[in-house]
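As structure tokens, the structure follows; a few thoughts come after it.
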């Protein structure tokens, strides 16, 4: 339950701390006093969206803090443990939200920083807020399935989970099939393009690294004349009369004659002899090389042509021959896959048929369970409406299926299916005897809608483990005996849950276990909202104001006291 709520610098609230108790906590006040602001602030502790607009004018930040008491085994404790937040054995959990005037939000659970996603996972287990928005949802037939499934959560859980898995696979497979059929023309065009590219590359008969080798050959052929001239000049310098070899041989002969007379010439002779024979070998190689350096213009032209062809392919398919060959391998694999398109299409169609058959079985099972839950819920709502002074109203839940030629065949008929199954749910009501059951959204008045919504919420309150329920002006459009019935219904719910109720009805306020007055104070410099827990005498005054309006008289005060006494008697009976 919510033990305490502290709000600072939030909208027109400067500083408010409210201590709630078990049972029925009533909040009343004039229109515009700030009752909805309290709910907005509490909504932030449940994971609501933060905004700089929440920060009181002139302040740096707004602060909202709530103290919750969680009983042992409560699901919120498991959520806290999953996000690494420790809760002591007393079950006390402090949720704090700070919002800067720049719109940035800081969230702490028991002093530990957490993310907004973590808070949103925890919030639904702490408080459930029922407001006028819920009444509006009753007007939307497409939302009725959510109310029914919430009621039948235990019975529907396993079947709905299994159906959800199958439907997800079915939907994805169907989307794949539709995409394949839609892209068939594009597929043919792509096959033609890739086949042309592959043929162009394969016809070039490329070899890995060929471009590098050709560049080296072109460099050689373009400079071959210079190389030949260099070889010839070197050869003529070494070989022939009066050339290098001739003079070296002459020097070697002189040294051979001189070494007979001087031994010190022997090492010199050996060096000259070695040089002679080495140069002789060089001359031989130069002569051989000159024989093979014949310039062939046709070879250079062939190399240039081949390089031009490769360059053209590079512009289309890659920066090098290796890249081009890699691209060719890739498109070859893609073409192979595309050529098996019909086979894959048949496989997907077969898979879709199998999933549709399984989905039909699960959808039918889910529908059977849902119809059983619908009958029980309709009966319970009808009973609740009787207690809310709609004794002769009849209530039913229409569970129907919609034929669809493109849907899933179920019991020989193709039906529309979605994530919730094959059922379309709509609440029907006959408020008065003799009238047929008709859609709730078309014939129910505002007061009737409020009572239907309260009936549903009363039933659902017994199915979940949320300790705190907030009813924000759910009694709109109700008066007289119906208002008294709603008051008693809220008091009955409050016996099992902590209930916070914002109301304008004195009948509801008279049933309070704790009554809080919300009012707005204005001065020349500021406007602020304050919340005060009323004493018994102050409660009488507030009820008298709600009964009579601005002027409180002795008679209205007497009437207020009588209402409080009657409220206590009725709570004792319930």
Exercise. Of all residues in the stretch 505-545, how many are assigned to a loop (DSSP other than H, G, I, E, B) and either in contact (Cβ under 8 Å) with a residue 12 or more places away in the chain or surrounded by 23 or more Cβ atoms within 10 Å (Cβ to Cβ) (or both)?
Worked result: 7
Exercise. Checking residue 58 against (1) closer than 23 Å to residue 471 by Cα; (2) more than 28 Å from the chain's Cα centre (by Cα), which single condition isn't satisfied?
Worked result: (1)
For this session: Quickly run through the stretch 252-266 and pick out the residues that are assigned to a helix (DSSP H, G or I) and exposed (fewer than 15 other Cβ atoms within 10 Å of the Cβ).
Result: 253, 254, 256, 257, 258, 263, 264, 266
Seminar exercise, completed: Within the stretch 61-83, of all residues that are assigned to a loop (DSSP other than H, G, I, E, B) and touching a residue at least 40 places away in the same chain (Cβ under 8 Å), the one nearest to the chain's Cα centre (by Cα) is 74
Problem set entry | Search result, residues across the stretch 491-504 that are out of contact with any strand residue (DSSP E or B) (no Cβ under 9 Å at 6 or more places or on another chain) and either crowded, with 20+ Cβ neighbours inside 10 Å or not in a loop (DSSP other than H, G, I, E, B) (or both) | 492
Exercise. Out of 51, 19, 100, which single residue is more than 30 Å from residue 545 (Cβ to Cβ), in contact with a strand residue (DSSP E or B) (Cβ under 6 Å, 6 or more places away or on another chain), surrounded by fewer than 18 Cβ atoms within 10 Å (Cβ to Cβ) and in contact (Cβ under 8 Å) with a residue 40 or more places away in the chain?
Worked result: 100
For this session: Could you pull out the residue among 381, 456, 429 that is assigned to a strand (DSSP E or B) and touching a residue at least 12 places away in the same chain (Cβ under 8 Å)?
Result: 429
Exercise. Only one residue in 409, 387 is within 30 Å of residue 450 (Cβ to Cβ), in contact with a helix residue (DSSP H, G or I) (Cβ under 7 Å, 6 or more places away or on another chain) and surrounded by fewer than 19 Cβ atoms within 10 Å (Cβ to Cβ). Which one?
Worked result: 387
For this session: Determine, yes or no, whether residue 310 is more than 30 Å from residue 570 (Cα to Cα) and part of a helix (DSSP H, G or I).
Result: yes
Seminar exercise, completed: Exactly one of 122, 93, 156, 148 is in a helix (DSSP H, G or I), touching a strand residue (DSSP E or B) at 6+ places or on another chain (Cβ under 7 Å) and crowded, with 16+ Cβ neighbours inside 10 Å, and that residue is 148
Exercise. Would it be correct to say that residue 328 is closer than 15 Å to residue 206 by Cα and either in a helix (DSSP H, G or I) or under 44 Å from the mean Cα position of the chain (by Cα) (or both)?
Worked result: yes
For this session: Could you run through the stretch 70-84 and say how many residues are surrounded by fewer than 19 Cβ atoms within 10 Å (Cβ to Cβ), more than 15 Å from residue 117 (Cα to Cα) and touching a helix residue (DSSP H, G or I) at 6+ places or on another chain (Cβ under 7 Å)?
Result: 1
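For the stretch 54-72, name all the residues that are over 21 Å from residue 499 (Cα atoms) and out of contact with any strand residue (DSSP E or B) (no Cβ under 7 Å at 6 or more places or on another chain). Can you show your working first?
As a first pass, look at the stretch 54-72 and keep what is over 21 Å from residue 499 (Cα atoms): 54-63.
57, 58 - these are the residues of the stretch 54-72 that are over 21 Å from residue 499 (Cα atoms) and out of contact with any strand residue (DSSP E or B) (no Cβ under 7 Å at 6 or more places or on another chain).
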Exercise. Which residues, counting only those in the stretch 546-569, are touching a residue at least 40 places away in the same chain (Cβ under 8 Å) and either out of contact with any strand residue (DSSP E or B) (no Cβ under 9 Å at 6 or more places or on another chain) or not assigned by TED's automatic domain parsing to the domain that holds residue 59 (or both)?
Worked result: 547, 560, 563, 564, 566, 567
Problem set entry | Test result for residue 29, touching a strand residue (DSSP E or B) at 6+ places or on another chain (Cβ under 7 Å), farther than 22 Å from residue 497 by Cβ and modelled with pLDDT under 90 | yes
For this session: Could you please let me know if residue 315 is in contact (Cβ under 8 Å) with a residue 24 or more places away in the chain and at negative phi?
Result: no
Exercise. Going by the conditions given, is residue 56 in contact with a helix residue (DSSP H, G or I) (Cβ under 9 Å, 6 or more places away or on another chain) and under 30 Å from residue 527 (Cα atoms)?
Worked result: no
Problem set entry | Among (1) within 34 Å of the chain's Cα centre (by Cα); (2) part of a helix (DSSP H, G or I) - the single one residue 484 does not satisfy | (1)
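The values are calculated or read from the model by the stated rules, or taken from the named source; none is laboratory data. Remember, it's a predicted structure, so these values are computed and weren't measured experimentally. Reconstructed Cβ throughout: ideal geometry from the backbone, glycine too, with neighbour counts over all protein chains shown.
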